[in-house]
Amino acid sequence: EEEESDEEVVATARELYMIRRLLGSQIKVEDASQRENISHTRCSINGKVCLVIIDGGSCTNVVSSRLVSKLNLDTIPHPRPYQFQWLSEGEEVQVRQQVEVSLTIGKYQDKVLCDAIPMEASHILLGRAWQKQVSIESVLQEFQDIFPKEVPRGLPPLRGIEHHIDLIPGAFLPNKPAYKSNPQETKEIQAQVEELENKEWVQESMSPFTIPVILVPKKLLFSTTYHPQTDGQTEVVNRTLGTLLRTILKKNIKSWEACLPYVEFSYNKAIHNTTNCSPFEIVYGFNPLTPLDLLPMPNIYLFKHQEVHAKVEYVKKLHEQVKAQIEKKNESYARHANKGRKKVVFQPGDWVWVHMRKERFPKQKKSKLQPRGDNPFQVIEKINDSAYKIDLPSEYNISATFNVSDLTFFDVDDEISDLRKNPLQGQGA
């Protein structure tokens, strides 16, 4: 075996072909390890002296594009263009050309294939390009049962059947996170809901409108009272209970649960304007002074009571009086609401205008500038004085039954007389 020998090579001592700015500085502590990996010297290229940096940690040979243009070196297109960034602190550098450089360092001569980039650190930067090739043959041999003999290149081909999750027919992909809150908040909310369920504050809703209301797409306005809109009784109850709660719970914020039975008793004991009676008086026949008056009496006492029949007759008469009072109040409310209005009754065959509300005609009411009424339609059937069935075309895709408030008489004679005449038409025409 021949023994390897090291020969000392002296760098070229002539003047540099290209003058560069050099700045001496102290070595940073974190860069002290680079003292053994990076070295610089001088070389000769086409008889010109140039600076060379040898980087032991790099695997790329780079030459300055300025040197290539000065020495008129021949360039070739790079077979695999790439972006180079670690040498420049600014934007990424596009590497698109290569050049073969013949350099001489003392007695050593060689040709090196370098990538041409704009570089200010040195004329040539030489790395250990032979360290870039990484062999994985040992890994393939160790795991022969996993890797196939012929490894495909590129992406796998498109297949006829792709793995996917089948959704329910008619369902759509939700564009929202699976959980609206973090797990800790979810557990706290779950604990509070379970506590309310144990106290029987949360009860099952028996309303038949629960599911249809949820399925109808709508834009909810959470600034108003969040409950189904009915005949207005719910709003009145909420306002009344709100006043009682503010009065009683003003100094008992922490014990509001214990105060709710008293609020309920006060509400049922109060005399209502519509019935002129309290709810307790309508149900039990008397207005209790305290909750003790509502305690159930023994059945034996009821059977032996001599005024049981008189009590029953009194309750029946009271219910009749309450019913008459409610009807009287409803008529009073109706007269007040219908003040200034006139009763309109349509007959089958009449022509009417249809008032297009935005809720029922979203396409026709996209803009405020669009007409508020549609072409006159004929009345087909009279359901009652407040509802009529109209001969509505199928293109509207809505129910043909309308309330009388959405209909207006269409007079053909008045319509013809009100039409504007053509200003260019003569008077004798």
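State all residues of the range 279-316 that are of a type in the set (Asp, Glu) and modelled with pLDDT of 75 or more; if no residue qualifies, say none. It would help to see each step written out before you state the result.
We begin by selecting, within the range 279-316, every residue of a type in the set (Asp, Glu); these are 281, 293, 307, 313.
Answer for the range 279-316, where residues must be of a type in the set (Asp, Glu) and modelled with pLDDT of 75 or more: 281, 313.
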Residue 211 passes all but one of (1) closer than 26 Å to residue 333 by Cα; (2) β-branched (Val, Ile, Thr); (3) at pLDDT below 70; (4) part of a helix (DSSP H, G or I); which number fails? (1)
In this structure, is residue 347 more than 30 Å from residue 275 (Cβ to Cβ), modelled with pLDDT of 65 or more and part of a loop (DSSP other than H, G, I, E, B)? yes
Scanning for something modelled with pLDDT of 80 or more, in the same structural domain as residue 40 (by TED's automatic domain parsing), part of a helix (DSSP H, G or I) and not basic (Lys, Arg), does the range 70-91 turn up at least one residue? yes
Within the range 371-405, restricting attention to residues that are within 21 Å of residue 343 (Cβ to Cβ) and among the charged types (D, E, K, R), which residue is modelled with the lowest pLDDT? 385
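Kindly indicate the residue of the range 20-68 that is modelled with pLDDT of 65 or more and among the basic types (Lys, Arg) and also farthest from the chain's Cα centre (by Cα) among those meeting that condition.
Applying the filter and picking the extreme gives 48.
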Out of all the residues in the range 93-101, is one or more at pLDDT below 85 and closer than 23 Å to residue 49 by Cβ? no
Kindly list, by first and then second residue, each pair from a residue in the range 318-346 that is surrounded by 10 or more Cβ atoms within 10 Å (Cβ to Cβ) to a residue that is small (Gly, Ala, Ser), limited to pairs with Cβ atoms under 8 Å and residues at least 6 apart or on different chains. 318/285
Can you find even one residue in the range 179-186 that is at pLDDT 65 or above, part of a loop (DSSP other than H, G, I, E, B) and surrounded by 10 or more Cβ atoms within 10 Å (Cβ to Cβ)? yes
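The values are calculated or read from the model by the stated rules, or taken from the named source; none is laboratory data. Since we're looking at a predicted model, the values are computed, not measured. Backbone-built Cβ (ideal geometry, glycine too); neighbour counts: all protein chains shown.
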